[in-house]
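Values quoted throughout were computed directly from the atomic coordinates according to the rules given, and no laboratory measurement underlies them. What you see is a predicted model; the values in this text were computed from it and never measured. Positions of Cβ are backbone-derived with ideal geometry, glycine not excepted, and every protein chain shown enters the neighbour counts.
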Amino acid sequence: KKRRLDGVEDPAPPCREGGMPAELWANALGYLYFDEVLTCTAVSKFFHRDVTQQIKQLCVRSGLTMDVVPGFIGKFSGVTKVFIYLVNEIADGGHKYHLDCAALEHAVPFLSRLPKLRWCFIGGDYEKVFKPYHTYKVELESDYDEPNSNMKYLGLIQSTCKAYRAGTLSEDVEIEGLLPLPECYDPDVCTWKNGPKTSCYRGDVSCQVCDMICMSYPPAKVLGLMKETPCIKLEDRVRIVQIRDEFRFQRNLTDALYDALGMGDYETVICPPEFMTEGSAVVCYDEYLYEMMQCFISEGADVKDPKINKFFMEEDAQSVLRDTAFRGGKRILTLEVYNILEGIGLNINKNDVLIIDESDKRTKYIPLKVKRAREQLDAGTALRHIEEIRAEVESFIENLFDGRLVALETAVIEVQIMLQDWLDINLSDQTIELGDLVADLPGCRGFIEISI
């Protein structure tokens with residue numbers, strides 16, 4: 001008879017006979033909320049011992065669930081990605097949002113105990129009620145059910161900065177959504193500047209919060225900030241990063257340049273016939289991103305770094321855009337974007353990219369031109385452009401109504417609303433012209449209502 005040694009537990013089997021291994025269970029639990037994961041681990045010794053170590057992703061919807069024994073959090077040693085949903089939509093007494101104060105208190109200690117953590121999102125549960133990556137809105141303080149919510153949320157920012165400075169939160173951890181973005185950006189207006197100052201940080205600066213963020217966040221992240229720290233300009237952030245880490249300054253600049261290349265928006269254009277693909281998602285940038293990239297290059301970012309060249313290779317593309325943003329392993333760029341990137345100092349090999357000339361009529365490039373210049377367009381000019389892109393409007397209406405037969409009046413109203421959102425201008429006085437435009441398009445049958 002085998003004798004059990006004192007102090008040595010019997011090893012848990014990898015899985016029950018006929019059951020799934022721990023890796024597969026961990027993958028399944030990654031799609032549950034953290035409170036549900038805790039329930040599973042509480043009722044199964046196999047889950048408690050083996051599965052927790054294999055979980056790669058956690059989704060937290062209640063701050064109270066993060067207030068657990070530190071030793072137990074350590075069992076989730078394989079977690080690399082965390083979503084913390086501390087903003088929830090409600091309809092209570094005129095308030096629109098609920099701010100989870102327990103999450104504000106426990107988020108940073110919880111994240112600091114995950115040794116392999118590399119990425120975290122803090123904001124609203126976008127899978128349910130929010131647009132992707134909905135975050136806390138400082139200017140909507142009255143819409144939150146918690147009184148003085150801005151100062152409470154500021155406490156979370158201060159705790160995060162303190163953890164970065166103390167080293168309890170690794171510089172390798174990237175936190176998205178924590179720093180609020182103002183709806184209307186004004187470089188001379190900062191939400192935090194006139195707030196009460198804290199004794200836990202130096203008081204000889206004009207804005208404690210902006211200075212604290214730039215002196216605490218990982219250097220590459222500080223370089224990539226846009227509207228989050230309006231009190232500190234781009235050139236000043238570059239100097240701060242250089243002072244904080246002179247040895248890795250060029251590396252940080254190069255990493256920030258690569259991140260800036262990935263911050264661009266995507267627009268859809270029609271490719272010329274020789275591209276052997278009908279449409280493409282091409283990257284485009286605003287003026288501030290061009291300014292950022294030019295600043296990084298002038299300060300010494302290595303434009304010949306393989307990481308920069310990798311951006312123009314298909315292997316580095318986001319999977320959702322891989323089929324449309326690339327052709328034959330080459331990124332598709334417009335001639336305008338290519339010329340600007342070359343002008344600010346990027347060394348792009350023409351053999352590594354495919355370039356669309358927007359002056360080529362075969363590209364039907366007008367939709368992008370209209371959107372690019374929407375601030376300068378009046379309704380009449382926009383309508384003339386819309387008439388020129390009749391094929392795009394046809395496709396637009398077919399997708400809008402999904403092949404159904406609808407009344408012309410309904411079609412005109414729906415198209416007007418969608419185009420107004422697209423062009424960001426008022427087309428209310430152009431109803432007749434829009435009616436002529438869509439009258440004979442698929443799905444529209446005069447002014448006679450046809451049941452669906």
Go through the stretch 139-144 residue by residue and turn each phi into a ³J(HN,Hα) via Karplus (6.51, -1.76, 1.60, θ = phi - 60°); whole Hz please, and just put x for glycine and proline. 6, 10, 4, 5, 7, 9
In whole Hz, the Karplus estimates of ³J(HN,Hα) for the stretch 63-73 (6.51, -1.76, 1.60; θ = phi - 60°; x where Gly or Pro) are x, 5, 5, 7, 8, 10, 4, x, x, 6, 4
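Mind ordering 163-174, 195-206 by average Cβ neighbours within 10 Å, highest first? Intermediate results must be reported in sequence, preceding the final value.
On the way: 163-174: 15.6, 195-206: 11.2.
Peptide ranking by packing, descending: 163-174, 195-206.
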Which of Lys81/Lys307; Lys81/Lys116; Lys137/Lys193; Lys96/Lys162; Lys330/Lys350; Lys116/Lys310 have a Cα-Cα distance over 19 Å? Lys81/Lys307; Lys96/Lys162; Lys116/Lys310
At what distance in nm do the modelled label points of Arg248 and Asp305 sit from each other, each positioned 7 Å from its Cα along Cα→Cβ? 1.1 nm
